[in-house]
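Any read-out appearing in this document is the output of simple, stated calculations on the displayed coordinates, not a laboratory observation. Given the structure is predicted, the values throughout are model-derived calculations rather than measurements. Cβ placement follows ideal geometry from the backbone for every residue including glycine, while neighbour counts extend to all protein chains displayed.
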């Protein structure tokens, strides 16, 4: 039993370390929020479609903005470890790959959750879409989307980090994998805006849940191989 | 049981041979110094011995067991490398606490406190590590590397850039490690530092280890400083 | 009818291109492999004789 | 995974002729034997190739993932060649799917592209292949490249069911399964089987080539060590 506590402890201290570092250096979250806001505004500005149609389109753009904004903390959560060779230090500690993966997943999930807390209200302000009226459904959708993006993003981020090339590979590798998530989220938002949270909305949520579960298990099982050099 | 052993260790980086076939054995309480000019592969060898880097040929053994893919063996290995393995934003105390918890040490708070006091970092323990001076960060890195009392300690240029009393502290650390039956291996440029602290001094030349009796501080240290001459082409010049 | 010719032309053409490239690349690799193997035999050759001389000299 | 014993030299012409004949036969079947479809007429004949190529496009990623899994479990570098060959042929098929798909879309609905479920999922799959080969080209150390690409292939393959479901529900399109009379179905089956065998043959040959490339690199390294010994 205490082995579980040991791993849980390790997991918690890894997450705490990441949160502490982010709180002190404030490197990823501000730029993530700014990028998301800028994308959202840029799209809203050009859309002079009738209200109903612009809400439909903007729903998709919201999640795209969350994706591109979210790619910043995902990439930084790994590249910041390179600073003083800390990624090698993490590999020297007797830490399981799965614990490390779940810790980075938690950090990325929190970052994405914060980003959607910023962008969703801004989206409602810009398009006065009735999202906040059914806020339980919206928050469930946002949580599942963030979980899916974080699950796939953490594995891809670790892969991109282990390469020497400095280009932002995270977005290039993550977008194809995350396309179904973005499709699902924007379609679910559209049906939410139409007010029917009926079977289609439920099915999309199941798809998002399935996506995050699959990627979580893949990450937990495969992360050791990413750590090897 | 030999704590640290390397058998025909070979490392090649995309068609460039760094280490040819290195055989090395370090017993408990024994200190070995590795000297050699820059870029001859000292750091590569240390990283292989620490299990951070896979070797192209041959193998590394910790207490008889091969180091391939061994997570728990890391408890017995302590590496203090050029990179500090420290988080710049965290304070020294938080860095050590994090390391203690990763190793799962008992009573981490107490261990960290004694380690900080021993390293003389008490009054700097609450400011971010980034603001510390080079010497203090090196002390912190050494304390972090030895926090879990490893039975194999590997140091990469431990003395570079230290002022006098830090150097004394470093030598004291090495002596204490040897008294505690730890297998120590460190790389250095400084010939007489190597002689005074190590039982055996080995030099890396053209990818191989060659024995050098400690105390012989004659010509080798001189030609080592001739600028621009790499051992490979030194043979052509001699 | 010209639609079908375009479609099948594109599909057939790209497959033929790929197969052709495979053939050329295969020959190139075979030649390189052959060269290297003979070079390697030569070097192990000289090493062998070289080490014998040193043994005889010692 | 010593495949050299296959003596590809001897197999080469034999395989080539066999498959050339097979493809010619299928082409004849598609163009001549199959009846023209009522509404679409001649244009519909492309569907035989389109379906076969689409399935192998998806199949390629599954094969690459299976080879990747074997590589990670068995730590045998030979599987990497199979994975890479499968991904390469899969990417080729995925590209052909997109081309034939948009050609057909142009004829059937005279737009070059529609977000029809199968086309969209092929496009998403195509971008995952692109990511795979982008990753392949940005790592030079062989062992790490094999491991990392294996992981991406596995994650990509796990994504396929999600992609097919998502693209099917997207825009509320419900796939209408084309009702085909028996001869059409027969021709479809024949073209599916023969094209799949042809792609498998390409895959094997490409994997053997990658193996030779690996052997060349290994020999070069040994040469380096041998010369090193003397210096």
Ranked packing of B:147-155, A:89-97, most packed first, by mean Cβ within 10 Å: B:147-155, A:89-97
Rounded to 0.05, the calculated FRET efficiency for the beta carbons of residue D:113 and residue A:224 at R₀ = 45 Å is 0.60
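How shielded is D:143-150 by partner chains, expressed as the average number of their Cβ atoms within 10 Å of its Cβ atoms?
Details: counts 4, 7, 1, 0, 7, 8, 1, 2.
Taking all residues of D:143-150 together, the mean is 4.
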Run the quick spin-label model on residue B:75 and residue B:110: label points 7 Å from Cα toward the beta carbon, then report their separation in nm to one decimal. 1.9
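Taking only C-alpha pairs under 8 Å that are 6+ residues apart, what is the relative contact order of region A:2-227 in percent? Mind showing how you got there, number by number?
Working: 240 pairs, mean separation 62.3, N = 226.
Worked out over region A:2-227, it gives 28 percent.
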Sorting check: for A:111-119, A:173-181, which peptide has the highest mean count of neighbouring beta carbons within 10 Å, and how do the rest follow? A:173-181, A:111-119
First measure r as the distance between the Cβ atoms of residue A:5 and residue B:65, then evaluate 1/(1 + (r/R0)^6) with R0 = 22 Å and state the FRET efficiency to the nearest 0.05. 0.20
When Cβ neighbours within 10 Å are restricted to other protein chains, what is their mean count per residue of peptide A:85-98? 6
Two pseudo-spin positions, 7 Å from Cα along C-beta at residue C:46 and at residue A:196, lie apart in nanometres by 8.1
Between helix B:108-118 and chain B, what is the angle of the helix's C-alpha long axis to the longest principal axis, kept within 0 to 90° and rounded to the nearest 10? 60
Report the Cα centroid-to-centroid distance between region A:129-177 and region A:212-229 in angstrom, as an integer. 16
Checking the a/c ratio against 1.5 first, then a/b against b/c, what shape does the Cα gyration tensor give for chain A? prolate
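Specify whether the C-alpha gyration tensor of region B:19-148 places it in the rounded, prolate or oblate class, a ≥ b ≥ c being the square roots of the eigenvalues: rounded for a/c under 1.5, otherwise prolate if a/b is larger than b/c and oblate if not.
Cα axes put region B:19-148 in the prolate bin.
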Give the separation of the Cα centroids, region B:95-118 to region B:1-62, in Å. 29
I want the antiparallel fraction of DSSP beta bridges within the protein assembly as shown, as a percent rounded to 5. 55
Quickly work out the residue D:73-to-residue B:16 label distance, labels modelled 7 Å from Cα along the C-beta direction, and quote it in nm with one decimal. 4.0
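Is there a simple number for the mean count of other chain Cβ atoms within 10 Å of the Cβ of residues in A:152-159, and what is it?
3
Rounded, prolate or oblate: which fits the protein assembly as shown when a ≥ b ≥ c are the square roots of the eigenvalues of the alpha-carbon gyration tensor, with rounded for a/c under 1.5 and prolate only if a/b beats b/c? Provide the component values of the computation, followed by the final result.
Working: a/c = 2.95, a/b = 1.38, b/c = 2.14.
Here the protein assembly as shown falls in the oblate category.
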May I ask for the angle, rounded to the nearest 10°, between helix A:51-82 and the longest principal axis of chain A, with both axes built from Cα atoms and the value confined to 0 to 90°? 10
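Looking at region B:4-217, what % of its DSSP beta bridges pair antiparallel, to the nearest 5? All intermediate terms of the calculation are to be shown ahead of the outcome.
On the way: 19 of 37 bridges.
Of all bridge pairs located within region B:4-217, approximately 50 percent are antiparallel.
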Taking alpha-carbon centroids only, region A:55-110 lies from region D:78-92 a number of Å equal to 29
Restricting to DSSP H runs of at least four residues, report the calculated mean residue ellipticity at 222 nm for the protein assembly as shown, -39500 (n - 2.57) per run over all residues, nearest 500 deg cm²/dmol. -23500 deg cm²/dmol
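What order do you get for B:112-120, D:102-110, C:45-53, D:157-165 when each peptide is scored by the mean count of other beta carbon atoms within 10 Å, highest first? Don't jump to the answer; show the numbers that get you there.
Details: B:112-120: 17.6, D:102-110: 15.4, C:45-53: 10.9, D:157-165: 20.7.
For the peptides B:112-120, D:102-110, C:45-53, D:157-165, the packing ranking is D:157-165, B:112-120, D:102-110, C:45-53.
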